[in-house]
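Inspection log for the structure reproduced underneath, given as structure tokens.
Every read-out reported here was derived from the displayed coordinates using simple, explicitly stated rules and does not represent laboratory data. These numbers come from a predicted model, not from an experiment. For neighbour counting, all protein chains shown are included, and Cβ atoms are generated from backbone atoms with ideal geometry for every residue, glycine included.
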Amino acid sequence: MNNFSKKTLTTKRSLTYTYYVSPTGEATAKHPALFFLHGFPDSAHLWQDVIAALGPVPNKIIVPDCLGYAGTDKPSDPAQYTYDRQVADLVEILVAEDVSAAAAYTVIIGHDWGSAIAQRVYLHHRQLFQGVVLVNTGYIVPSADTFDLASVNAFTEKLLGYPQFAYWEFATADDAAAVTDAHLEQMWLALHADSPQWMKTVFCAKDGMRNFLLKGDSTLPLKEYAKKGGFFYQHFMNQFRRENGGFAGAFQMYKSTANNMQGQAYAAVPHVELKIDVPVLYFICRDDAVCLPELMMEPAKAAGLVPKLREVTLDCGHWSPMEKPKEIAAELNSYLEKEL
């Protein structure tokens, strides 16, 4: 994204977002704008290889640093990270880029938490969107039900043989940011080690992440895209240096969800229709032990909430935009050409 314009926007709630915009492109029925949202713990640059692999597309491309990350503000109150508040912020970016005036001329694309946020942006402003692309994280149907982390982990341990969200216990702990800031290289290794069943070892085992950060094997090999000295590694180390805000912002979505702030926010907007009635492209990744389609997409499918769904399976782990950018770009180009 070296040729993209870097911009900032201060939202109505006085939060400053950094975002990147392609130097050319349009938002039309034939060539909708592409709005990319990253997840944990990344930045707009997560998408750089995917965007490069798209080739010289005629679409306008907009890529923000999401709330809590990189050049965007990092409020310490998890209530500031509820979906409804982030949705409002992100739509302000579309307004600033004159995209919101082009009704249904945008495709929203999200990975990880960015996928969850993308779903909510669509549900609250469906008139703006021609399509939705979900990477790794499937459609998590909104609910006002109380979220209980211990119960979810107990349920998934019985169902899957491991607690799906065990790492949330660390992510929501008071000392999570301090521990991570002190072991930043070890966190990079926790995220991107090239080891079989790695996510189950660190993410899906009780105290797995904390134990690995504090005393895990630091000699494990990294996946090719994550090699030390490479762009993604260097960007990560710089982004999360203490003087740049550290890791605290990256954990706020976990806290807002675990503290049931997301359910409360949803309950305040009961008018939202839950069907995604535009073409949905969903990337399933075989080695992702956390974002499982049988738990994150099957309920929506069974309820008829994604009637225009196409699923693509990739042989990779959770950070698929880094690991399989050409494959994602090829499927995205096909989706734009044939399904919209």
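Where both residues lie in the chain, what percent of DSSP beta bridges are antiparallel, nearest 5? Could the numbers behind the result be given before it?
Details: 10 of 34 bridges.
Taking every DSSP beta bridge with both residues in the chain, the antiparallel ones total about 30 percent.
When only alpha-carbon atoms are used, what values of Rg and Dmax, in angstrom, describe region 215-265?
Calculated on Cα positions, Rg and Dmax stand at 15.5, 43 Å.
Taking the Cα atoms of region 46-187 alone, what are Rg (to one decimal) and Dmax (as a whole number) in Å?
Computed over the Cα atoms of region 46-187, radius of gyration and Dmax are 17.6, 49 Å.
Just to be sure I understand the model, the point goes 7 Å from the Cα along the line to the Cβ. What's the resulting ASN244 to ALA330 distance in nm?
A separation of 3.2 nm, rounded to one decimal place.
Hey, what D do you get for the chain in µm²/s if you plug the Kirkwood alpha-carbon radius into Stokes-Einstein at 37 °C and 0.692 mPa s?
On the way: Rh = 20.1 Å.
Result for D is 163 µm²/s.
Given all pairs of different Cα atoms, what value in angstroms does the Kirkwood hydrodynamic radius of region 195-308 take?
Evaluated on region 195-308, it is 18.1 Å.
Could you tally the net charge around ASP175, taking each other residue with its Cβ under 11 Å from the Cβ of ASP175, Lys/Arg +1 and Asp/Glu -1?
Values: positive: ARG210; negative: ASP174, ASP181.
Here the charged neighbours net out to -1.
Hey, what does the equivalent ellipsoid look like for region 149-258, semi-axes from the Cα gyration tensor as sqrt of 5 times each eigenvalue, largest first, whole Å?
Working: eigenvalues 113, 65, 24 Å².
Gyration-tensor ellipsoid for region 149-258: 24, 18, 11 Å.
Give me the net charge of HIS125's neighbourhood, meaning all other residues with Cβ under 13 Å from the Cβ of HIS125; Lys, Arg count +1, Asp, Glu -1. Show your work: numbers first, answer last.
Numbers: positive: ARG120, ARG126; negative: ASP84, ASP89, GLU92, GLU273.
Charge balance near HIS125 sits at -2.
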